[in-house]
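Structure, as structure tokens:
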Amino acid sequence: MIDFRDAALILFGYFAGGIPTGYLVVKRLKGYDIRTKGSGNPGTANVYRNAGALAGAITLVVDALKGYAPVFLSLSLEPRRPELAIACGAAAIIGHNWTPLLGFKGGKGVATSAGVFLGLLPVPMAVTIVAFALAVKISGHISVGSISAAVVLPIAAVAFGAKQAYCIAAAISGALIVYKHIPNIKRLIQNKELGIHGPSA
């Protein structure tokens, strides 16, 4: 049964996730709306390509913290209730992907999901980060790294003997990331996907 504290933790996850980091960072540092540039996505990749490395790094770190903090807080307060930590993490991802502060349109949830699973599954997530980096290095596309990470995470979770609930959460999160990347997959097939640094990469 969800009590007041549970609801407060889940709401904290949602509103933390809903902070539109990329939008705010670019607005502050560059003075424009990142949604008017590149892909129009306020996530790390588009921020990095259009607003530079500093803006991209800040967006990445803060977006990851948006996922990690609710999970960490939940596990600290209720260490025997993994389902609550999963709910808090899910709320953060939903808040990021469909932020109420940008008309319920947001990012693709990669960095925020990474933060969530750093809290829930640190070792499988470490393996996933390595897989992401290798996929980006080999392909030259951040989207390929993100999709690869989405596939590797649930496999790594099972391989390292994670709790079933965590494995299911990893699979659902991964499926959502792949779904959000369907336009990228179409561009990859057409050889029109942007490289790491933009069209010339």
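Read-outs throughout are calculated quantities, based only on the coordinates presented, and are distinct from any laboratory measurement. Since we're looking at a predicted model, the values are computed, not measured. Glycine also receives a Cβ, built like all others from the backbone with ideal geometry; neighbour counts cover every protein chain displayed.
Computed values, structure above
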{"item": "Karplus-derived 3J(HN,Hα), 6.51/-1.76/1.60, for each residue of the stretch 151-156, Hz, glycine and proline x", "result": "7, 6, 4, x, 5, 5"}
{"item": "Cβ-based charge dipole, the chain, positive-most Cα from 171, 51, 91", "result": "51"}
{"item": "Residue-count net charge about residue 110 - beta-carbon cut-off 13 Å; Lys, Arg +1, Asp, Glu -1", "result": "+2"}
{"item": "Cβ crowding within 10 Å averaged over residues, with 178-191, 154-167 ranked highest first", "result": "154-167, 178-191"}
{"item": "Estimated [θ] at 222 nm from DSSP helical runs (n ≥ 4, -39500 (n - 2.57)) normalised by residues in the chain, nearest 500", "result": "-23500 deg cm²/dmol"}
{"item": "Alpha-carbon centroids, the stretch 39-56 and the stretch 1-37: separation in whole Å", "result": "16"}
{"item": "Cα long-axis angle, helix 53-77 against the chain (0 to 90 degrees, to the nearest 10)", "result": "10"}
{"item": "Cα gyration tensor, the stretch 21-74 - rounded (a/c under 1.5), prolate or oblate", "result": "prolate"}
{"item": "Cα-centre dipole for the chain with unit charges at Cβ (Lys and Arg positive, Asp and Glu negative), debye to 20", "result": "600"}
{"item": "Cut-off 18 Å (backbone N to label point 7 Å along Cα→Cβ of residue 36), residues of the stretch 44-61", "result": "46-52"}
{"item": "For the chain, alpha-carbon Rg and Dmax in angstrom", "result": "16.4, 53"}
{"item": "Degrees between helix 4-17 axis and first principal axis of the chain (Cα, 0 to 90, nearest 10)", "result": "10"}
